[in-house]
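One structure is given below, encoded as structure tokens.
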Amino acid sequence: MSAAAAPSVRARRVLPGFRLTLGTTVLYLSVIVLIPIIALVLKGAGIGPGRFWDMVTAPRTLASFRITIVAAAIATTINAVYGLLMAWVLVRYEFPGKRLLDALMDIPFALPTAVAGLSLTALYSANGWFGALLDPLGLQVVYSLGGIVLAMSFTSIPFVVRAVQPVLEELDPAYEQAAATLGAGSWTTFRRVVFPAIMPAWLGGVSTSFARSLGEFGAVVFIAGNLPFQTEVASLLAYIRIEEYDYEGAAAIALVLMVLALVVLLASNIVQFRATRHGGRSL
Amino acid sequence: MTIEIAQMYKSFGRTEVLRGIDLTVANGELVALLGPSGSGKTTLLKIIAGLDWPDRGGLAFDGQDWLQLSPQDRRIGFVFQNYALFPQMTVRDNIAFGLTVRPRGERPAKAQIASRVNELLGFLQIDALGDRYPAQLSGGQRQRVALGRALAIEPTVLLLDEPFGALDAAVRRDLRRWLRGVHDAMGTTTIFVTHDQEEAFELADRVVVMNHGRIEQIGNAATIHDAPATPFIADFMGATIHLPVAVREGRIGGAGIDAAHLPTADLPNGPAQLFVRPEDLLPIPDPSGPWSVSSVTNTGSQLRLILSDASGTEIPADLRRRSPGAQGLTPGVRVHLRPEAGSVFPAETV
């Protein structure tokens, strides 16, 4: 039999259901995520560049962006440090109540943000438990930038903890032992061996935390006081524009927030990619 | 520069891992800690490195109490089983690590570190790999880098945990010879852990056989192979056939066993166990013998026989296929046993 006469063979996938599962997930992703984003972009594009620029550079809008970005940056910095510490404690030490503490880390995700906002407001208002202590010192948390930062960091802390925790857990203790036998002290070992290994995951958690904080609404509106030019965040301003039937104004603000968040995530992904291409691991 | 370990004990919870270890390693010696998993050999190595601490006992290096020193201050070169190379650093940076983390006052200048690294890359025959990352290396190459990283700090002692465990057989043999060469060139006192006898005997000056947290015997290949000190060693060294015998006036006898020619090392009269390797067991055709050949497997150069007796006990015997003794041994033939070599231990010690 000549080779030409042999029937050609079509390779088949071994795992069944590829088309069905991929089709379903892509369709769902489109309806839930992609189409709303496209709609937002189209809505924003429909405004026209000149008017769009005027809208997003209006003094009240600019002020809201500034407040949002500053508060989100502070909240994320706090989370970056605290989240790393929390993950370290949860992975490295054994102590009674460790599992409970671990479970508590999910509360900010599980709790409705409005509930979080309300309870934070109650605690920090002038007659609340913490407020009563801070108020005489001249520290006002409620109705200030501090309140916004507090609400933002509360709702986004698990991002950092949950990103770092599994990577830290899987880090082979032999790396640290090797560093110790080579003469490195604990700080040097952390800086040069442990942190580089968890950095990509940590950065992923930090940037997700920042992106989430940029759009935090539910928890913030209760505690912020929402004074234009002082404590009004961008997502609230977008909501106000909707209330005023100014859909274009709302879309313009939302679009800027979205681009900001995407830029941050993209930048973080680039750094993570560079850090992990030699065999480290990412989120 | 001798290491002295005295009466060392260590438990993990209720498990006793080390039960009174006494060992002295001389300057420049290459010693293997050989034993099955769970024998405590890795724990002992980690205690010497300062990565673990004993419950009791002494560890001194040239008279200096090492149990008072942190691992950082012992200047140990430790090669980990899976190498533990830092994945985000190049080979060069990995090797330089121990020098770059020294306190400012003791740290060599950058150029000095670079030339030391180059020197090691050359010595380890991995010149071309300096700028690669660990993930881009083969197992054997990683092993060399791990050794380079440990040697860079000019260690007082070199410790290796299962250094060839993760490599395939051919690479293993090459690296073994190469490591012996490295040791002879550097002269660093070296202790390595292995569960592979061949590796231990080929590489080490002295082999320390451990079992259940104790040292059972210290010696070289010939002494441990031919004169095992304990039943465990005999079994561990391949004498897996245990035959019940009796010692009478310095001679060994047993039903269907022709072992009168074996030395008994002045054993007292009484019941004993004879430990024999399958290749040392010669079946002799004998119509009145208590054993019969139940199967024969031909592997080309070797015949593996399974012999069984009336009670159903089965023992293996290995013969060279072309040897005269192998002729006529077919299934069903009755035989008695003639051990060519073996070790006898009083029954109560087994």
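The values are calculated or read from the model by the stated rules, or taken from the named source; none is laboratory data. This is a predicted model, so every value here is computed, not measured. Cβ placement follows ideal geometry from the backbone for every residue including glycine, while neighbour counts extend to all protein chains displayed. All accessible areas refer to the heavy atoms of the entire protein, side chains included, with ligands and DNA or RNA removed. Shrake-Rupley method; radii C 1.70, N 1.55, O 1.52, S 1.80 Å.
Calculated FRET efficiency, A:Q230 and A:L266, Cβ-Cβ r, R0 41 Å, to nearest 0.05?
Numbers: r = 31 Å, r/R0 = 0.76.
The value I calculate is 0.85.
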**Most fluctuating residue given options A:S153, A:S209, A:S119, as computed from a GNM of chain A linking Cα atoms under 10 Å** = A:S119
**Prompt:** Give or take rounding to whole Å, what are the principal axis extents of the alpha carbon atoms in chain A, in descending order?
**Reply:** 91, 59, 32
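Just add up the charged neighbours of A:E176: K/R +1, D/E -1, any other residue whose Cβ is under 14 Å from the Cβ of A:E176.
Working: positive: A:R92, A:R191, A:R192, B:K46; negative: A:E169, A:E170, A:D172, B:D52.
Cβ neighbours under 14 Å give a net charge of 0.
Could you give the length gained by full extension between B:E314 and B:Y9, i.e. 0.36 nm per residue of separation minus their alpha carbon distance, to one decimal place? Don't skip to the answer; put the middle values down first.
Working: separation 305, 0.36 × 305 = 109.80 nm, distance 3.99 nm.
Between B:E314 and B:Y9, full extension yields an extra 105.8 nm.
Expressed as a whole percentage, what fraction of the accessible surface of the stretch B:219-350 belongs to carbon and sulfur atoms when a 1.4 Å probe is rolled over the protein heavy atoms?
Values: 3590 of 6660 Å².
Carbon and sulfur: 54 percent of the exposed surface of the stretch B:219-350.
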**Request:** Taking the Cα atoms of chain B, report the difference between the largest and smallest coordinate on each principal axis, in whole Å and largest first.
**Result:** 82, 45, 34
**Request:** Run a plain Debye calculation on the stretch B:241-349 (Cα atoms as equal point scatterers, no solvent) and give log10 I(q)/I(0) at q = 0.21, 0.24 Å⁻¹, rounded to two decimals, same order as the q list.
**Result:** -1.07, -1.29
**Request:** Quickly estimate the mean residue ellipticity at 222 nm for the protein assembly as shown, helices only: each DSSP H run with n ≥ 4 gives -39500 (n - 2.57), and the total goes over all residues, rounded to 500.
**Result:** -14000 deg cm²/dmol
**Request:** Report ³J(HN,Hα) in whole Hz for each residue of the stretch B:20-35, in order, from the Karplus equation J = 6.51 cos²θ - 1.76 cosθ + 1.60 where θ = phi - 60°; Gly and Pro get x.
**Result:** x, 8, 10, 7, 10, 10, 7, 4, x, 7, 10, 10, 10, 9, 10, x
**Message:** Can you give the local net charge around B:P339? Use residues other than it whose beta-carbon is closer than 11 angstrom to its beta-carbon, Lys and Arg +1, Asp and Glu -1.
**Reply:** -2
**Prompt:** Using a probe radius of 1.4 Å on protein heavy atoms only, what is the accessible area buried between chains B and A, both sides summed, to the nearest 100 Å²?
**Reply:** 1900
**Message:** Using a Debye calculation, one point per C-alpha and no hydration shell, please list log10 I(q)/I(0) for the protein assembly as shown at q = 0.07 Å⁻¹ in order.
**Reply:** -0.73
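Give me the number: length gained by fully extending A:L27 to A:E248, i.e. 0.36 nm times residue separation minus the C-alpha to C-alpha distance, one decimal in nm. Write down the numbers at each step before the final one.
Working: separation 221, 0.36 × 221 = 79.56 nm, distance 2.76 nm.
Extra length from A:L27 to A:E248 when fully extended: 76.8 nm.
Pop the C-beta distance of A:W187 and B:T223 into the FRET formula with R0 = 35 Å and round what comes out to the nearest 0.05. Display every interim value, and only then the final one.
On the way: r = 49 Å, r/R0 = 1.40.
Between A:W187 and B:T223 the formula returns 0.10.
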**Item:** Most mobile listed residue (A:V263, A:V164, A:V221) in chain A, GNM with C-alpha springs under 10 Å
**Value:** A:V263
**Asked** In Å², what does the accessible area per residue of the stretch B:241-349 work out to with a 1.4 Å probe?
**Response** 52
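Below 8 Å between Cα atoms, with a sequence gap of 6+, how large is the relative contact order for the stretch A:58-282 in percent?
Values: 282 pairs, mean separation 67.6, N = 225.
30 percent.
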**Cα-projected label distance for B:N298 with B:D62, points at 7 Å along beta-carbon direction, nm** = 6.4
**Complete:** Note on chain B: contact order normalised by length, alpha-carbon pairs under 8 Å, 6 or more apart, percent, works out to 16
**Request:** State the Cα centre-to-centre distance between the stretch B:31-47 and the stretch A:139-176 in whole Å.
**Result:** 42
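Calculate the FRET efficiency for B:D286 and B:A246 from the Cβ-Cβ distance with a Förster distance of 22 Å, rounded to the nearest 0.05.
Details: r = 20 Å, r/R0 = 0.89.
Computed FRET efficiency for B:D286 and B:A246 comes out at 0.65.
Once you list every other residue whose beta carbon is under 12 Å from the beta carbon of B:R172, what net charge do they have if Lys and Arg are +1 and Asp and Glu are -1? It would help to have the intermediate numbers written out before the result.
Working: positive: B:R173, B:R176, B:R177; negative: B:E162, B:D168, B:D174, B:D196, B:E198, B:E199, B:E202.
That sum, taken over residues with Cβ under 12 Å, equals -4.
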**Request:** Any chance you could check the Cα centroid distance between the stretch A:1-60 and the stretch B:282-328 for me, in angstrom?
**Result:** 72
**Message:** Starting from the 7 Å offset along Cα-to-Cβ, what nm value, one decimal, do you get for the label separation of A:A132 and B:D127?
**Reply:** 7.9
